[in-house]
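Okay, so here's the structure we're looking at.
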Amino acid sequence: MTIKADRWIKKMALEHGMIEPFVESQVRTGIVSYGLSSYGYDIRVADEFKVFTNINSTVIDPKQFDPRSFVDLKADVCIVPPNSFALARTVEYFRIPRDVLTVCLGKSTYARCGIIVNVTPFEPEWEGTATLEISNTTPLPARIYANEGIAQVLFFQSDEVCLRSYADKQGKYQAQREVTLPRIDGPKA
């Protein structure tokens, strides 16, 4: 696999809708940067958050997740409690080609503040907005800025297409457009 550079990302975004909306250069003055970078794309966090709370004293179970474990928030700034986390989604909608896999890493600006962003790889032929997990590892509240950079996506292109794509296996998070909680079941017929 080969990591793809900015010209390829720009071409795929503009001609094939791989990233929408697409920003052709880094936007960085007075904000956490986002947009096209040398070998990737810096994604933005939308203004929709699910902030973890333990007011219901539930057990976190990925097979039977209790949605009452979150407080929904729509705001320009999200405060993540100490030693806690929030779920959010990207502003950008992705359409990943069949011969591409992505890896997403948190931006160093947030990492230097003890804020870790976890995003799973975008598999070949996955599409949607990505659900982000934003962890505050510090003993203090942490501020997250909506519509600003949160992580960088790196694109790896194979010299051949995969045998079975995310679309082929009818992945359970295909075409998601909002913050999506964990689930075990696949798509409903």
Kindly evaluate residue 102 against the criterion of being of a type outside the set (D, E, K, R) and modelled with pLDDT under 95. no
Residue by residue through the range 16-50, note down the ones that are of a type in the set (A, V, I, L, M, F, W, C) and over 12 Å from residue 150 (Cβ atoms). 18, 19, 22, 23, 27, 36
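Quick check on this structure: which one of 138, 109, 120 is hydroxyl-bearing (Ser, Thr, Tyr) and over 24 Å from residue 5 (Cα atoms)? Give the derivation first.
Details: 109 fails: over 24 Å from residue 5 (Cα atoms); 120 fails: over 24 Å from residue 5 (Cα atoms).
The conditions single out 138.
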Pull out all pairs, ordered by first then second residue, where Cβ-Cβ is under 9 Å, the residues are six or more apart or on different chains, the first lies in the range 5-18 and is among the hydrophobic types (A, V, I, L, M, F, W, C), and the second is surrounded by 13 or more Cβ atoms within 10 Å (Cβ to Cβ) and assigned to a helix (DSSP H, G or I). 18/9; 18/12
Those residues of the range 149-166 which are in contact (Cβ under 8 Å) with a residue 60 or more places away in the chain, in a loop (DSSP other than H, G, I, E, B) and of a type in the set (A, V, I, L, M, F, W, C) amount to 161, 162
Tell me, yes or no, whether the range 8-30 has at least one residue that is among the charged types (D, E, K, R), under 20 Å from residue 130 (Cα atoms), surrounded by 16 or more Cβ atoms within 10 Å (Cβ to Cβ) and out of contact with any Asp or Glu (no Cβ under 9 Å at 6 or more places or on another chain). no
For the range 146-185, which positions are aliphatic (A, V, I, L, M) and either touching a strand residue (DSSP E or B) at 6+ places or on another chain (Cβ under 6 Å) or closer than 12 Å to residue 127 by Cα (or both)? 146, 150, 151, 153, 154, 167, 175, 179
Please determine whether any residue of the range 33-55 is touching a Ser or Thr at 6+ places or on another chain (Cβ under 8 Å), surrounded by 13 or more Cβ atoms within 10 Å (Cβ to Cβ) and modelled with pLDDT under 95. yes
Among the residues of the range 107-148, how many are free of Cβ contacts under 8 Å to residues at least 60 places away in the same chain, assigned to a strand (DSSP E or B) and over 14 Å from residue 85 (Cα atoms)? 2
Residues that are touching a Lys or Arg at 6+ places or on another chain (Cβ under 9 Å), without any contact (Cβ under 8 Å) to a residue 40 or more places away in the chain, over 25 Å from residue 161 (Cα atoms) and among the charged types (D, E, K, R): does the range 53-75 have at least one? yes
Of the residues in the range 174-189 that are at pLDDT 95 or above and crowded, with 16+ Cβ neighbours inside 10 Å, the one that is farthest from residue 95 (Cα to Cα) is 179
Say whether the condition of being closer than 21 Å to residue 8 by Cβ and outside any loop (DSSP other than H, G, I, E, B) is met by at least one residue in the range 173-183. no
When residues of the range 127-178 are limited to those that are among the small types (Gly, Ala, Ser) and within 18 Å of residue 114 (Cβ to Cβ), the one farthest from the chain's Cα centre (by Cα): 142
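The values are calculated or read from the model by the stated rules, or taken from the named source; none is laboratory data. Model, not experiment: these values are computed from the prediction. Cβ atoms come from the backbone with ideal geometry, glycine included; neighbour counts cover every protein chain shown.
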